[in-house]
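**Student:** Pasting in a structure now, in structure tokens, and then I'll have a few things to ask.
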């Protein structure tokens, strides 16, 4: 098997992941350059997440019968156009439009790249192929954001997007040559596609995801201002801290998967969400100490990534016959949560004129996510008990 197409798809995942996450790392510089507040600049993340969440399912449904190669190349072409528009942006409105274009193209690329790699490898190697795409996204936080911060310091934040466009063009040309033709999906009736949403366990699970990602985004969107303005982190150390957080996130994802295998998805979901609520709740209380503040940020960040394998596994366990659909719906819900969190965080900054209190809002959202988790677990037990009674009655 030729691994080069999979590596190119993973590199594409790294690029679209960097375009999404790097704005949080250079938010202060963007706000100053465009002459807007931090809260208003944070809506670049909201616009991206909303276009990703709302546009991706529609575009995927409309293009389901197209060849995967054509769709991947097309999504990258639109991504390049969006990156060039970001590079050329000198005003807020144009940058906002570019974020919408980037969100739509990245959403299509993400879904199609994951589905494509499963068709490039034999079934027994499917997990490893998918993990390569996941590693691409994980590397965006560990490498893409620090590189973006460094580029902003050397040149400007616009140069980040010029670089993304250039590398994306190289990836597009390589995929054009190396990627084989992959057939599109068979059409599925609309009603059948979304019938899984009638399952209350799945609906409550999606609510867990919405609230949890909203909790994360309230601080994650404004993490750079929080580190610099509240914890008084020196700007020269920002890149190193972001690199550390990225590595912590990659390690957290791995530990989260091991934890699911050892203790189960329910235990890992409860423990990681509860841990996030506690660390976020404590963070505004220790701002006098940079060390204590950074330690809590690292612990919160690790819980953020450790929870992801647990929630994905939980969805697969509840709807094994519709796992692809449920996971794709969860991807949209994740970005809706990120958009809602960014919006709530911006409102808090406008109200308090500081990012100091954002972690408390995130902590409250995490507690609500934990409540949704207990509701989902209760519904799951009730459904399992009802199924057992039905099977017993059928035997009598």
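**Student:** For the stretch 226-238, what are the residues that are farther than 17 Å from residue 141 by Cα and not in a loop (DSSP other than H, G, I, E, B)? I'd like the intermediate steps shown before the answer.
**Tutor:** Filtering the stretch 226-238 down to residues farther than 17 Å from residue 141 by Cα leaves 226, 228-236.
Across the stretch 226-238, the qualifying residues are 226, 228, 229, 230, 235, 236.
**Student:** Looking at the stretch 132-154, is at least one residue farther than 20 Å from residue 21 by Cα and at pLDDT below 90? Outline the logic, then answer.
**Tutor:** From the stretch 132-154, those farther than 20 Å from residue 21 by Cα are none; that's our starting set.
Checked the stretch 132-154: no residue is farther than 20 Å from residue 21 by Cα and at pLDDT below 90.
**Student:** Right, something else. Does the stretch 82-90 contain any residue that is outside any helix (DSSP H, G or I), free of Cβ contacts under 8 Å to residues at least 60 places away in the same chain and farther than 26 Å from residue 122 by Cα? Reasoning before the result, please.
**Tutor:** Let us first name the residues in the stretch 82-90 that are outside any helix (DSSP H, G or I), namely 89-90.
Within this subset, residues satisfying the condition of being free of Cβ contacts under 8 Å to residues at least 60 places away in the same chain are 90.
Okay, now just the ones that are also farther than 26 Å from residue 122 by Cα, so 90.
Checked the stretch 82-90: at least one residue is outside any helix (DSSP H, G or I), free of Cβ contacts under 8 Å to residues at least 60 places away in the same chain and farther than 26 Å from residue 122 by Cα.
**Student:** For the stretch 345-369, which positions are at pLDDT below 90 and farther than 13 Å from residue 38 by Cα?
**Tutor:** Result: no residue meets the conditions.
**Student:** Under 8 Å between Cβ atoms, which residue pairs at least 6 apart in sequence (or on different chains) link something in the stretch 133-144 that is in contact (Cβ under 8 Å) with a residue 12 or more places away in the chain with a partner that is outside any helix (DSSP H, G or I) and surrounded by fewer than 22 Cβ atoms within 10 Å (Cβ to Cβ)?
**Tutor:** none
**Student:** List pairs: first residue in the stretch 1-28 and over 19 Å from residue 172 (Cα atoms), second residue assigned to a loop (DSSP other than H, G, I, E, B) anywhere in the structure, Cβ distance under 6 angstrom, at least six positions apart or on different chains.
**Tutor:** Here the result reads 24/221, each pair linking the stretch 1-28 to a residue that is assigned to a loop (DSSP other than H, G, I, E, B).
**Student:** Scan the stretch 202-235 residue by residue and report those that are more than 17 Å from the chain's Cα centre (by Cα) and either within 26 Å of residue 353 (Cβ to Cβ) or not assigned by TED's automatic domain parsing to the domain that holds residue 280 (or both). Show your work before the answer.
**Tutor:** First pass over the stretch 202-235, keeping only residues more than 17 Å from the chain's Cα centre (by Cα): 202-204, 224-235.
Selection gives 224, 225, 226, 227, 228, 229, 230, 231, 232, 233, 234, 235.
**Student:** Right, residue 207: surrounded by fewer than 21 Cβ atoms within 10 Å (Cβ to Cβ), assigned to a helix (DSSP H, G or I), on the phi < 0 side of the Ramachandran plot and modelled with pLDDT of 90 or more or not?
**Tutor:** On the way: surrounded by fewer than 21 Cβ atoms within 10 Å (Cβ to Cβ): yes; assigned to a helix (DSSP H, G or I): yes; on the phi < 0 side of the Ramachandran plot: yes; modelled with pLDDT of 90 or more: yes.
Taking the combined requirement at face value, the residue satisfies it.
**Student:** Additional query: Please go through the stretch 79-107 and pick out each residue that is surrounded by 24 or more Cβ atoms within 10 Å (Cβ to Cβ) and modelled with pLDDT under 90.
**Tutor:** 107
The values are calculated or read from the model by the stated rules, or taken from the named source; none is laboratory data. Note that this is a predicted model, so its numbers are computed, not measured. Cβ atoms come from the backbone with ideal geometry, glycine included; neighbour counts cover every protein chain shown.
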